[in-house]
Amino acid sequence: MRVLHIYKTYRHQGFGGVEQLMSELCHATTDLGVSNTIATIGRRREVLHHPEASIHTFPAELTLASNPFSLGMYRALPALMRNADVIHCQFPWPTADAMLGLLRPSQPVVVTYNSDIVRQRLLLKLYRPLMRRFFDRARVLVATSSNYVRTSQELQPYRHKVRVIPIGLSPQRYPASAPDRLAHWRSRVGEGFFLFVGVMRYYKGLHILLDACAGTQIPVLIVGAGPTEKELQRQAKRLGLAHVRFLGQLPEEDKIALLELCRAVVFPSHLRAEAFGVSLLEGAMFGKPLISAEIGTGSSFVNLHGQTGIVVPPSDPAALREAMLSLLADPEWAASMGRAARERYLRHFQAREMGEAYLQLYRESLEPACAKPLTEPGAVPGSEPAAPSYAGSRSDAG
């Protein structure tokens, strides 16, 4: 089985959730015998040979509304497609829709629907006809959570061709920290802090987290970089948040050490552009309780209120503050939810199971009868979150 993956970035140049999904998927399916090729944007035209995939990068001549265009990629795609059995696209990237619409590949196209388009609402009105033609031609759409299928207006006309495959992570790519790294971070930042890991984007809700920390001594570490970093640092300085530390982008071994030392993972994303929350999965893998906001997406598919952590209303600094203070005040309760988060990760979010599900989907997409509905978009067992009470105390959260 040969699969051509198409997206605007990959893990060698970005560390967002989509890039991590692609990396984990390619590793998992390579182990199952799939030959993966990735076409993506890069600084120059080159081919990189990684264990999980051959990566073809193409420079972009133009970028509009975070949407890069590459004439070189368009010209190279026909040859890449001839060597593929299945084409797998990550959505949203309108350039891919346009290129495949013009090239009209004979291979089945699988689309992973990562999120709605939230910010560019005016451009979405112009883009929607192209998007719907792209979805019409796709053999199947994959959502990463049943929550997103239920709440995405864009997916409703295509529910008959949606398959739900949650994102999975491989523990083998998260080895235990070296003792010296763990000792370094313990001496530098201590233990029991709240940890955010991710790209600093407008929908991550970090400004809400900073407001929640105002007037408290709640220790928070922020790992990552991104477009809103300078603005957030100014906000933290204005609020006098000496107990909130920006650590920048860190190597994986340092991130793992911080995951081992933290009290909980906090994930304040407040807009639907946050479709899943891979860093929540990372926290669950390390047995940490989770704090997230209810935005109708995969964040509440990973984090079940009162079981694996606390779910608060979006854009509510007071509720977020109460949730963090509750976990600080009751370490045993926090640890019990961390154990439940770890158990849930092991049951439902393993990379190998994700790879097996996609491999089966690739095989089905090659069958002529695949035009029939593939599945009713349901959820993995135990994944349906109860209506959250949005409270931080133990009595309220269950």
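Remark: for residue pairs Lys125/Lys237; Lys8/Lys230; Lys161/Lys230; Lys125/Lys288; Lys161/Lys255, the C-alpha separation exceeds 31 Å in Lys125/Lys237; Lys161/Lys230; Lys125/Lys288; Lys161/Lys255.
Along the axis of the charge dipole computed for the stretch 42-118 (Cβ charges of +1 for Lys and Arg, -1 for Asp and Glu, origin at the Cα centre), the listed residues Ile87, Ile55, Val118 are led at the positive end by Ile55.
Under unit Cβ charges (Lys, Arg +1; Asp, Glu -1), what dipole magnitude, rounded to 20 debye, does the stretch 107-195 have relative to its Cα centre? Don't skip to the answer; put the middle values down first.
On the way: 16 positive and 5 negative charges, 91 e Å.
For the stretch 107-195, the charge dipole is close to 440 debye.
Taking the Cα centre of the stretch 76-130 as the origin, how large is its charge dipole in debye, to the nearest 20, when only Lys and Arg (+1) and Asp and Glu (-1) carry charge on their Cβ atoms?
On the way: 6 positive and 3 negative charges, 50 e Å.
The dipole magnitude comes to about 240 debye.
From the Cα gyration tensor of the stretch 35-159, with a ≥ b ≥ c the square roots of its eigenvalues, which class applies: rounded if a/c is under 1.5, or else prolate if a/b is larger than b/c, or else oblate? Prolate is the answer for the stretch 35-159, as a/c is 1.5 or above and a/b outweighs b/c.
What trypsin sites (Lys or Arg not before Pro) does the stretch 3-101 have in DSSP loop regions with at most 11 other beta carbons within 10 Å?
Numbers: sites: Lys8, Arg11, Arg43, Arg44, Arg45, Arg75, Arg82; in loops: Lys8, Arg11, Arg43, Arg44, Arg45.
Listed in order of number, the matching sites are Arg43, Arg44.
In terms of its alpha-carbon gyration tensor, the stretch 265-366 comes out oblate; a/c meets the 1.5 threshold, while b/c is at least as large as a/b.
Compute the angle between helix 71-82 and the longest alpha-carbon principal axis of the chain, please, reported from 0 to 90 degrees and rounded to the nearest 10. That helix lies at roughly 70 degrees to the long axis.
What does the helix-only formula give at 222 nm for the chain: each DSSP H stretch with n ≥ 4 adding -39500 (n - 2.57), the total divided by the residues, and the result rounded to the nearest 500 deg cm²/dmol?
It comes out at -12500 deg cm²/dmol, rounded to the nearest 500.
The distance between label points at Glu191 and Leu64 comes to 5.5 nm (points 7 Å beyond Cα on the Cα→Cβ vector).
Overall, the stretch 20-150 carries a charge dipole of about 620 debye about its Cα centre when +1 sits on the Cβ of Lys and Arg and -1 on the Cβ of Asp and Glu, all other atoms neutral. Is the shape of the chain rounded, prolate or oblate, going by the alpha carbon gyration tensor and its root eigenvalues a ≥ b ≥ c, with a/c under 1.5 for rounded and a/b larger than b/c for prolate? Cα axes put the chain in the prolate bin.
DSSP assigns beta bridges within the chain; of those with both partners inside it, close to 15 percent run antiparallel. The residues of the stretch 34-190 expose on average 46 square angstrom of accessible surface per residue, using a 1.4 Å probe on protein heavy atoms.
Take every pair of alpha-carbon atoms less than 8 Å apart whose residues are at least six positions apart; their mean separation over the length of the chain yields a relative contact order of 16 percent. Ranking Leu21, Thr9, Val34 by how far each Cα lies toward the positive end of the dipole of the stretch 1-55 (charges on Cβ) leaves Thr9 at the top. Using a probe of 1.4 Å, the accessible surface attributed to Tyr148 totals some 0 Å² when neighbouring protein chains are kept in position.
Once Lys and Arg get +1 and Asp and Glu get -1 on their Cβ, which of Pro251, Val223, Tyr202 lies farthest toward the positive end of the dipole of the stretch 192-259? The residue sitting farthest along the positive end of the dipole is Tyr202. Normalised per residue, the accessible area of the stretch 305-357 is 43 Å², obtained with a 1.4 Å probe and no contribution from ligands, DNA or RNA.
The values are calculated or read from the model by the stated rules, or taken from the named source; none is laboratory data. Predicted model only: the values in this text are computed from it and were never measured. As a convention, Cβ positions derive from the backbone with ideal geometry for all residues, glycine included, and neighbour counts pool all protein chains shown. Note: accessible area is taken over every heavy atom of the protein model, side chains too, but ligands, DNA and RNA are not part of it. Shrake-Rupley method; radii C 1.70, N 1.55, O 1.52, S 1.80 Å.
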